[in-house]
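Data block below; observations after.
The values are calculated or read from the model by the stated rules, or taken from the named source; none is laboratory data. The model shown is predicted, which means the values in this text are computed figures rather than measured ones. Cβ placement follows ideal geometry from the backbone for every residue including glycine, while neighbour counts extend to all protein chains displayed.
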Amino acid sequence: MGERAGAGRGDWMAVEWRGGFGYSSGTLCCHCAANETFLGVERQNERVRGGRSVSAGGATGPRDTREQGSQGTGSADEARLLEGLRQGDEDAFLTLVKRYQPLLKRVARMYVRSDAVAEEVVQETWLGVFQGIERFEGRASLKTWVVRILMNRARSRGERESRMIPFSALVGDETGGSDPAVALERFQDAAGEYPGHWAAPLPRWGENPEQWVCSLETLEYLRGAIQGLPNAQRMVVTLRDEQEWTAEEVCEALGITEANQRVLLHRGRSKLRRALESRNEGQAARP
Amino acid sequence: MNPWGYDCNEFVEVVTDYLEGKLPGEDRARFEKHLELCGSCRDYLEQIRMTLAATGRLGAEELAPKAVEELLTVFRRWKEGKAEGR
């Protein structure tokens with residue numbers, strides 16, 4: 001699994017460039033998939049279509065529906081909701097809103113600067129869903145389709161309000177080089193009794209770590225730590241661990257390989273554990 | 001063959017592969033052997049699991065009634081537009 005069937009997006013996907021997260025300014029912006037340099041990112045999809053349009057009108061995604069997407073889970077349920085939506089049934093709509101709204105808002109927020117703009121993008125997305133629903137053939141899962149509409153909308157919005165870089169460049173940057181899960185000095189060096197083993201036992205997160213980690217205060221801190229992750233890692237961690245997407249869904253939506261998805265997930269998760277660890281240490285040190 | 005299965009600094013780098021079910025059989029056996037032998041790495045894996053669980057909690061967010069109301073308005077407007085054959 002993890003192979004993406006034919007798809008026409010992803011390789012050119014761009015993400016808001018946030019100066020605040022450890023990136024220095026640099027050259028940005030690439031609107032042309034065909035000319036993009038792939039910075040060491042494995043490229044799974046050979047059917048890249050050039051000439052992408054990010055105009056708002058291109059966001060209803062009729063093209064997407066013709067792709068061979070993965071079949072969503074609960075497709076009978078989805079089919080029922082879709083039919084309801086086509087008929088203008090408010091209950092069906094509300095069910096879908098309940099199911100997807102938090103996800104949509106979260107993904108939108110990755111592209112735009114404020115909650116208010118994210119809300120607008122999500123509203124536009126639903127409008128795009130209504131407009132595209134007649135043409136949706138159900139080959140991709142409903143979730144994938146809706147999120148793709150959102151990404152198109154959010155992207156064009158993000159492009160207008162900020163500088164962009166190609167997503168594949170982010171993936172290349174964030175999967176390359178060395179990024180140890182745990183600082184190397186935490187392990188014994190070659191002179192130690194057990195080289196490569198912990199230099200000191202791993203500190204536990206207090207007497208009741210489960211309770212601590214799920215306290216509102218810690219969760220709020222964790223939310224901030226996720227925001228502080230490098231872009232591609234934040235994207236993958238948010239979709240996988242927060243929104244509980246499968247690896248396949250994430251690969252398809254972001255247009256990345258399974259291997260890169262896993263590296264991003266690993267690096268992101270490891271950083272979050274480290275963040276929680278230092279948070280716990282800090283609290284333990286307080287009188 | 002490493003008598004510890006893995007060294008700890010290797011272990012922490014394959015944790016995700018393990019959780020994702022992507023460790024090949026023999027590596028998996030090494031991983032589990034190390035897990036048996038090393039308390040700190042057991043704690044480490046547990047902390048990773050707790051991190052995931054906590055992240056999952058962030059996803060369950062309540063909808064603001066106002067947002068729902070706005071969306072319903074958009075929906076109704078669309079319905080009307082459709083009925084008028086626009």
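Looking at A:Gly268 and the list (1) part of a helix (DSSP H, G or I); (2) closer than 20 Å to A:Ile149 by Cα, which single condition is not satisfied?
All conditions are met except number (2).
Within segment A:179-189, can one find any residue that is facing chain B (nearest Cβ under 8 Å) and over 31 Å from the mean Cα position of the chain (by Cα)?
The answer is yes, given that some residue of segment A:179-189 is facing chain B (nearest Cβ under 8 Å) and over 31 Å from the mean Cα position of the chain (by Cα).
A:Arg274 fails exactly one of the following numbered conditions: (1) surrounded by fewer than 22 Cβ atoms within 10 Å (Cβ to Cβ); (2) at pLDDT 95 or above; (3) not in a helix (DSSP H, G or I). What is the number of that condition?
Answer for A:Arg274: the failing condition is (3).
Going by the conditions given, is A:Arg240 surrounded by 18 or more Cβ atoms within 10 Å (Cβ to Cβ), under 21 Å from A:Glu174 (Cα atoms) and touching a residue at least 60 places away in the same chain (Cβ under 8 Å)?
Working: surrounded by 18 or more Cβ atoms within 10 Å (Cβ to Cβ): yes; under 21 Å from A:Glu174 (Cα atoms): yes; touching a residue at least 60 places away in the same chain (Cβ under 8 Å): no.
The answer is no for A:Arg240.
Condition test on A:Ala199, is it of a type in the set (A, V, I, L, M) and within 28 Å of A:Lys143 (Cβ to Cβ)? Talk me through it step by step, then tell me what you get.
Numbers: of a type in the set (A, V, I, L, M): yes; within 28 Å of A:Lys143 (Cβ to Cβ): no.
Against the criterion (of a type in the set (A, V, I, L, M) and within 28 Å of A:Lys143 (Cβ to Cβ)), A:Ala199 does not qualify.
Would you mind listing the helices (runs of 4 or more DSSP H) fully within segment A:85-175 where at least 1 residues are within 12 Å of chain B (Cβ to nearest Cβ)? Steps first, answer last, please.
Values: elements: A:90-111, A:115-132, A:142-161, A:167-175.
It comes to A:90-111, A:115-132.
Would you check if there is a residue in segment A:206-217 being over 22 Å from A:Ser270 (Cβ atoms), in a loop (DSSP other than H, G, I, E, B) and touching a strand residue (DSSP E or B) at 6+ places or on another chain (Cβ under 9 Å)?
No; the residues of segment A:206-217 include none that is over 22 Å from A:Ser270 (Cβ atoms), in a loop (DSSP other than H, G, I, E, B) and touching a strand residue (DSSP E or B) at 6+ places or on another chain (Cβ under 9 Å).
Identify, by number, the condition in (1) part of a loop (DSSP other than H, G, I, E, B); (2) modelled with pLDDT of 90 or more; (3) outside the structural domain of A:Arg267 (by TED's automatic domain parsing) that A:Pro195 doesn't meet.
(3)
Looking at (1) at the interface with chain B (Cβ under 7 Å from one of its Cβ atoms); (2) surrounded by 19 or more Cβ atoms within 10 Å (Cβ to Cβ); (3) under 17 Å from B:Ala54 (Cβ atoms), find the lone condition where A:Leu202 falls short.
Result: A:Leu202 passes all but (3).
Of the residues that make up segment A:109-118, is at least one closer than 30 Å to B:Val12 by Cβ, touching a helix residue (DSSP H, G or I) at 6+ places or on another chain (Cβ under 9 Å) and touching a residue at least 60 places away in the same chain (Cβ under 8 Å)?
Checked against the condition, which is being closer than 30 Å to B:Val12 by Cβ, touching a helix residue (DSSP H, G or I) at 6+ places or on another chain (Cβ under 9 Å) and touching a residue at least 60 places away in the same chain (Cβ under 8 Å), segment A:109-118 yields at least one hit.
Among the residues of segment A:243-265, which ones are in a helix (DSSP H, G or I), over 19 Å from A:Gly177 (Cα atoms) and touching a residue at least 40 places away in the same chain (Cβ under 8 Å)?
Of all residues in segment A:243-265, those in a helix (DSSP H, G or I) come to A:247-254, A:258-265.
Add one more test, that the residue is over 19 Å from A:Gly177 (Cα atoms), and what stays is A:247-254.
The answer is A:Ala247, A:Glu248, A:Glu249, A:Cys251, A:Glu252, A:Ala253, A:Leu254.
Among the numbered criteria (1) touching a helix residue (DSSP H, G or I) at 6+ places or on another chain (Cβ under 6 Å); (2) without any contact (Cβ under 8 Å) to a residue 12 or more places away in the chain, which single criterion is violated by B:Trp4?
For B:Trp4, the exception is condition (2).
Kindly check whether there is at least one residue in segment A:120-130 that is farther than 30 Å from A:Glu277 by Cα, out of contact with any Leu (no Cβ under 6 Å at 6 or more places or on another chain) and touching a residue at least 60 places away in the same chain (Cβ under 8 Å).
Yes, there is a match, as at least one residue in segment A:120-130 is farther than 30 Å from A:Glu277 by Cα, out of contact with any Leu (no Cβ under 6 Å at 6 or more places or on another chain) and touching a residue at least 60 places away in the same chain (Cβ under 8 Å).
State yes or no: is B:Glu36 of a type in the set (D, E, K, R), within 19 Å of A:Ala199 (Cα to Cα) and surrounded by 15 or more Cβ atoms within 10 Å (Cβ to Cβ)? Break it down into steps so the answer makes sense when it comes.
Values: of a type in the set (D, E, K, R): yes; within 19 Å of A:Ala199 (Cα to Cα): yes; surrounded by 15 or more Cβ atoms within 10 Å (Cβ to Cβ): no.
So B:Glu36 fails the test.
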